[in-house]
Amino acid sequence: MKGKRFKLGEEIAPQLGDVNSILLFGYMGMGDAVMFEPTLKAYLNKFPAASFDVMVGSMSQSLAVLQHIMESNGRSFRLIYEADFKSLGRAKLQKLNNKLRSNSYDACLVVYTAPIQYFIRAIESIPVRIGHTIRAQAWYKPRPNFIFNISRPVSQDIDEREPYRHFRLAQAIGIQSQGIQPEPKIRISEKDRQWALTFLDELGLREKELIAVHLGVSKAMSWKKWPDERYAEVLSKLAQTNRHYLFFGSFSELSEIEIARKAVMSQSTVFAGDLEVMQVGALISLCKLTIGNDSGIGHLSIAIGTPTYRIFGPSDHFGCEPYSEGHVTYYKDLTCSPCMNLGLIKPGYNVLNCGHRNCLNKISVDEVTKSISTLLN
């Protein structure tokens, strides 16, 4: 059964008082940060004189995206806190909370992916506390929803596109969308574009028809990947004399990349952990197409404006569906799919061993090849 759907609506602005400093809890994946772009931009426009600080994980790929959004709007974070909350220990976590309290923020902005239970002391000290709430359920550790005085709920029972899910936190303080769906836009700077052009010249790839490929997902979610062996067959069928594949990913994904490109070795180049996030974005902006699974690179590619083809299985294809045309989100519309929403497994589902994995296994090489060829042409 498909869930209910939230509709874009008007909000009555609450009385906020003076807001001169805002703390953003940026604990989110790269793709989540891309989806958050319209909301962060709206807050920057709403509070042009306010300082923004951000709290992220020490290995977070979201920080590069969030910083790029700030820079694209002529701003920068005043302070950046990097902390892996699970490994801090009680004493260090208390010290961090005390440090945040001492900054006397006027407001904080907390999305549903943030681990607010580790920062209750800091959040409670902030007068305006804006955040997502998730109702308590047996399948998920309850969040302290009471902590927010301006809140918007998120639910696995609701089909809601991710950019709008975030943007309701902007509507909650009276920022209106003027009836336009909030669509993430990532602008590549001229500096990054020129770097990419020079880089391609050095590799002798400037005149090639480039296709970006990113097949990786986090290790914790490897079960949502379409098999690398099938991608190898697809890329082989798509290969042309002047076509070249750029494979992106982390160093830990190198062995999987080698499987996927085994039939197009001479027509591909691998970048495994070699580039910064926005360098990858700059190269993608010069590609004719991006191919991959449900991943942050796919979200980034769409926001940049490069036609993007993504295969979805267990994860929420509706929430990640782009608003603009020219992209394909490919999935099997099964009664049991998707079995994830909000990045979390739905109650009663077992994505690790559902018994068939038909949402991915029933997607054939031929149909993917045909679908990608249509998009390319």
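The values are calculated or read from the model by the stated rules, or taken from the named source; none is laboratory data. Predicted, not measured: the structure shown is a model, and the values here were computed from it. Positions of Cβ are backbone-derived with ideal geometry, glycine not excepted, and every protein chain shown enters the neighbour counts. Heads up: the accessible areas ignore ligands, DNA and RNA and are worked out on the full protein's heavy atoms, side chains in. Shrake-Rupley method; radii C 1.70, N 1.55, O 1.52, S 1.80 Å.
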### Message
Spelling out what I want: for every residue of region 145-162, take phi, set θ = phi - 60°, compute 6.51 cos²θ - 1.76 cosθ + 1.60 (Karplus), and round to whole Hz; glycine and proline get x.
### Response
4, 4, 6, 8, 9, 10, 10, 9, x, 10, 8, 6, 7, 10, 7, 8, 5, 4
### Summary
In deg cm²/dmol, rounded to the nearest 500, the helical mean residue ellipticity at 222 nm of the chain, built from -39500 (n - 2.57) for every DSSP H run of length 4 or more, is -9000 deg cm²/dmol
### Query
Under unit Cβ charges (Lys, Arg +1; Asp, Glu -1), what dipole magnitude, rounded to 20 debye, does the chain have relative to its Cα centre?
1000 debye
### Query
With contacts defined as alpha carbon pairs under 8 Å and 6 or more residues apart, what's the relative contact order of region 255-377 in percent?
18 percent
### Message
Given all pairs of different Cα atoms, what value in angstroms does the Kirkwood hydrodynamic radius of region 74-161 take?
### Response
14.4 Å
### Query
Can you give the FRET efficiency for residue 84 and residue 145, using 1/(1 + (r/R0)^6), R0 = 22 Å, r = Cβ-Cβ distance, to the nearest 0.05?
0.35
## Note on the structure
Given 123-133, 248-258, 301-311, 367-377, the highest-first ranking by average Cβ count within 10 Å works out to 301-311, 123-133, 248-258, 367-377
#### Entry: Highest to lowest packing among 235-243, 170-178, scored as the average C-beta count within 10 Å
170-178, 235-243
### Task
Quick one: pull the percent of accessible area on the chain belonging to carbon and sulfur, 1.4 Å probe, ligands and nucleic acids left out.
50 percent
#### Entry: Relative contact order %, the chain, counting alpha carbon pairs below 8 Å whose residues are six or more apart
16 percent
### Message
Over the chain, with the other protein chains present, what is the accessible area per residue in square angstrom, probe 1.4 angstrom?
### Response
45 Å²
### Message
Quick check: pseudo-label points 7 Å beyond the Cα along Cα→Cβ at residue 336 and residue 274, how many nm apart are they?
### Response
4.1 nm
### Task
Report, in degrees rounded to the nearest 10, the 0 to 90 angle that the Cα long axis of helix 37-46 makes with the longest principal axis of the chain.
40 degrees
### Task
Kindly report, to the nearest 10 Å², the accessible surface of residue 354 as traced by a 1.4 Å probe over protein heavy atoms only.
60 Å²
